[in-house]
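One structure is given here, and the rest of the page talks about it.
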Amino acid sequence: MGIKKTVSVLGLGRMGSALANALVGEGYEVTVWNRSGDKPTPAGTKRAATPQEAFKSDVVVTCLSTYDVQQPLLTNEIKTLVNLTSGTPEQARATAQWAKANGVEYVDGVIMAVPQQIGTASARILFSGNENHHVLQAFGEPVHLGEDAGLAALYDLALLGVMWSVFGGYLQALALVGSAGIAPGKFTPLATDWLATVTTFLPEMGAVTQSRNYETDVSALDINVSGLRLLTEANREQGLDTTVPQALHDLFERAQSNGHGAHSIASVIEEIRK
Ligand SMILES: NC(=O)c1ccc[n+]([C@@H]2O[C@H](COP(=O)([O-])OP(=O)(O)OC[C@H]3O[C@@H](n4cnc5c(N)ncnc54)[C@H](OP(=O)(O)O)[C@@H]3O)[C@@H](O)[C@H]2O)c1
C-alpha cells in the first residue's frame, strides 16, 4: 500500500469541518486553516496558522463561502488544488486557467449533499476538468462530468435551481393552504406524491426541448397560463406574496403570446433560451 497523501482543508465552516473529519476517518494526515479562530479544530487534524503553512500538504481542499474570498488566498505554492467552493462556471474556468498558469494541478468539484452526508455513499461529488479525483472518494461518490472545468459548477447550479424552484413552490403552497388553516403535516403527503408524478414527465419534456417538436395531446400552454393566472389570483385573494406564481405566469404568457399557446409547456424553453 502506498503512503497516503497529506491534505489541507481551507475553511472550517459547516461543510469544511465535515470534509476534514471525513479525511481523518480515511486515514489522511490532515492540516486545517480557518480565517477566524472561533471554529473548533476537528479531532485528529493539525491547525495551520496561515494558508501558506497549509499549502505544504500534497493536496489543498478549499471550502470557503465564495470565490471572492478564496481567490486572494491562492498562491503557486499549492501543488494540487481541489476546489469545493461553490461558484459560477466562469469562475471555475478562470480558476482552472489561473492554476494552469501557475503550475498548480486543479480539480473542480461541487458537493451535492449536506455536511451530515459527507463520508457516506449518499454524498455525490460532481467534478470536472482533471479526471484524477484525488481525495474526493473520502467525501462520497465522485462523478466526473467532463474536461471543461466549468461543468461541475454548471451542473451544481442547474440542479440547485430545480431544488430551489421546488422549495419555492412548496413554501408558496404551504402558505396558500395555511390560509385555510391546513397544517403542513396534512398537506405534505399529497405534495410529495404529486411531485413523484410530476418528475415522471421530465424525461419526455427534456427530449421535446431537443427535438423542438412541441405538438401535444396532453396539456396545451394556453390552459397552463390560465392555471397560473388562477394561482396568482388565489394567492392575492389571501393577501399572500405573489412573486413566484406571477413570475411563472409572466414567463409562460410570453411564450403563449409568441405563438406557443397550443404547444406543450416544454415550449417555454424557447422564451428562456432568448
Ligand atoms: N453547507 C452545505 O450544506 C453545503 C452543501 C454544498 C456545498 N456547500 C458549499 O460549501 C462552501 C462552504 O459552505 P459552508 O456551509 O461550510 O459555509 P459556512 O459554514 O458559512 O462557512 C464559510 C467558510 O468560509 C470562510 N470565510 C468566509 N469569508 C471569508 C473570508 N473573507 N476570508 C477567509 N475565509 C472566509 C469562513 O471562515 P470564518 O469561520 O472565518 O468566517 C468559513 O470557514 C460554500 O461554497 C457552499 O456553497 C455547502
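The values are calculated or read from the model by the stated rules, or taken from the named source; none is laboratory data. Because the structure is a prediction, the values reported are computed rather than measured. Note that we place each Cβ from the backbone using ideal geometry, even for glycine, and neighbour counts take in every protein chain shown.
Couple of notes before you dig in:
- Look at (1) within 15 Å of the ligand (Cβ to nearest atom); (2) in contact with a Pro (Cβ under 7 Å, 6 or more places away or on another chain); (3) not aromatic (F, W, Y) and you find that V24 fails only one, number (1).
- Out of A138, A173, sole residue that is outside the structural domain of G27 (by TED's automatic domain parsing) and at pLDDT 95 or above: A173
- Residue match in region 206-216 (condition: within 24 Å of Q172 (Cβ to Cβ) and in the same structural domain as S179 (by TED's automatic domain parsing)): no
- For region 88-117, a residue qualifies if it is near the ligand (Cβ under 9 Å from one of its atoms) and outside any helix (DSSP H, G or I), and the qualifying residues are V110, I111, M112, A113, V114.
The rows are residues; the columns are (1) touching a residue at least 60 places away in the same chain (Cβ under 8 Å); (2) closer than 23 Å to V162 by Cα; (3) among the aliphatic types (A, V, I, L, M).
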{"residue": "S179", "(1), (2), (3)": "yes, no, no"}
{"residue": "S257", "(1), (2), (3)": "no, no, no"}
{"residue": "H263", "(1), (2), (3)": "no, yes, no"}
{"residue": "E270", "(1), (2), (3)": "no, yes, no"}
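- The residue that is nearest to the ligand (Cβ to nearest atom), among those in region 69-87 that are of a type in the set (S, T, Y) and out of contact with any helix residue (DSSP H, G or I) (no Cβ under 6 Å at 6 or more places or on another chain), is S86.
- Breaking point among (1) surrounded by 19 or more Cβ atoms within 10 Å (Cβ to Cβ); (2) touching a Pro at 6+ places or on another chain (Cβ under 8 Å), for A152: (2)
- A residue that is loosely packed, with under 14 Cβ neighbours inside 10 Å, touching a residue at least 40 places away in the same chain (Cβ under 8 Å) and not assigned by TED's automatic domain parsing to the domain that holds V244 occurs somewhere in region 116-127.
- Single residue of S17, S36 found to be small (G, A, S), within 10 Å of the ligand (Cβ to nearest atom), under 20 Å from the mean Cα position of the chain (by Cα) and in the same structural domain as G129 (by TED's automatic domain parsing): S17
- Scanning region 136-169 for residues that are free of Cβ contacts under 8 Å to residues at least 60 places away in the same chain and either of a type in the set (D, E, K, R) or in a loop (DSSP other than H, G, I, E, B) (or both) yields G140, E141, L145, G146, E147, D148, A149.
- Only one of the numbered conditions (1) more than 16 Å from N34 (Cα to Cα); (2) in a helix (DSSP H, G or I) is not met by T75, and that is (2).
- One residue from T199, T216, T232, T192 being within 28 Å of H260 (Cβ to Cβ), free of Cβ contacts under 8 Å to residues at least 60 places away in the same chain and exposed (fewer than 14 other Cβ atoms within 10 Å of the Cβ): T199
- Pairs, first on the phi > 0 side of the Ramachandran plot and part of a loop (DSSP other than H, G, I, E, B) in region 10-37, second among the basic types (K, R) and more than 6 Å from the ligand (Cβ to nearest atom), C-beta under 6 Å, six or more apart: G27/K4
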